[in-house]
Amino acid sequence: MDEMDTPPEARADRLRRAMRGRTQAWLAEQIGVATSSINGYLKGKVPQADVCLRMCDALAVDIRWYLDGEAPPEETAQGERVIQVPFVDDGTKALTFTTGLLDMFAVPYESLCCISVQGTMMAPGIPKGAEVLATRSFANIEDGKVYILQLRNGYVLRRLRVRGDGSLVAVCDNPAVQNDLPDEILYEDVTAVALWSSQVP
């Protein structure tokens, strides 16, 4: 079951049970978020993937159980298998994810890559310093989604708009900065589509 199909009340109830009477302030301190964020999770809001991992680790619960109520299989009861996902611009570096988390995206492991956001072009939604998980496995470029682009100066993260004639234009989310990319992006410049981004404390 997809976590978006799970009733928020059920997910909130599982989190309350996992907290076992501990306070929102305690959990917030453990995982490095504001207490108001914990309040949102207790109403059924789904955390960012990296926060979700830290929260489930702190509470010693299986991430799939928290997200959709699925009982963990026996083979992962003592720790899930992990996958090293390489950075798109430096294959010698990688981020570690559990297979339970990656399986929710339903894309091949080998298609996955990461990028670290260097500037503020995509703030506030994707701030400087955030790490983004993406996949090279996509059939079409969809208007409004965020993609990793490979340009002459390296890899960048931008939201793409598809014009009426099918051409692509890259836009930044931060209204305070000016877009520094060409007026038109080529389809071959598009490397991967973003799946999620981490939060920066």
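Brief remarks on what is shown
- For the chain, the number of Lys pairs separated by eight or more positions or lying on different chains, with C-alpha atoms closer than 25 Å, is 4.
- For the range 83-122, the Kirkwood estimate of the hydrodynamic radius, built from every pair of different alpha carbons, is 11.1 Å.
- Principal-axis tilt of helix 8-19 within the chain, Cα atoms, nearest 10 degrees: 60 degrees
- Dividing the mean sequence gap of close Cα pairs (under 8 Å, 6+ apart) by how many residues the range 24-132 holds gives a relative contact order of 15 percent.
- Heavy-atom accessible surface of the chain: percent carbon and sulfur, 1.4 Å: 49 percent
- Rolling a 1.4 Å probe over the protein heavy atoms gives the chain an accessible area of 54 Å² per residue.
- Computed across the chain, the Kirkwood hydrodynamic radius from all distinct Cα-Cα pairs reaches 18.3 Å.
- In Hz, Karplus ³J(HN,Hα) per residue of the range 92-100 (6.51, -1.76, 1.60; θ = phi - 60°; x = Gly, Pro): 7, 10, 8, 10, 9, 10, 7, 5, x
- Between helix 49-59 and the chain: long-axis angle, C-alpha atoms, 0 to 90°, nearest 10: 20 degrees
The values are calculated or read from the model by the stated rules, or taken from the named source; none is laboratory data. The shown structure was predicted, so the numbers you read here are calculated from the model rather than taken from an experiment. Each accessible area value is taken on the protein alone, full model and side chains, heavy atoms only, with ligands, DNA and RNA left out. Shrake-Rupley method; radii C 1.70, N 1.55, O 1.52, S 1.80 Å.
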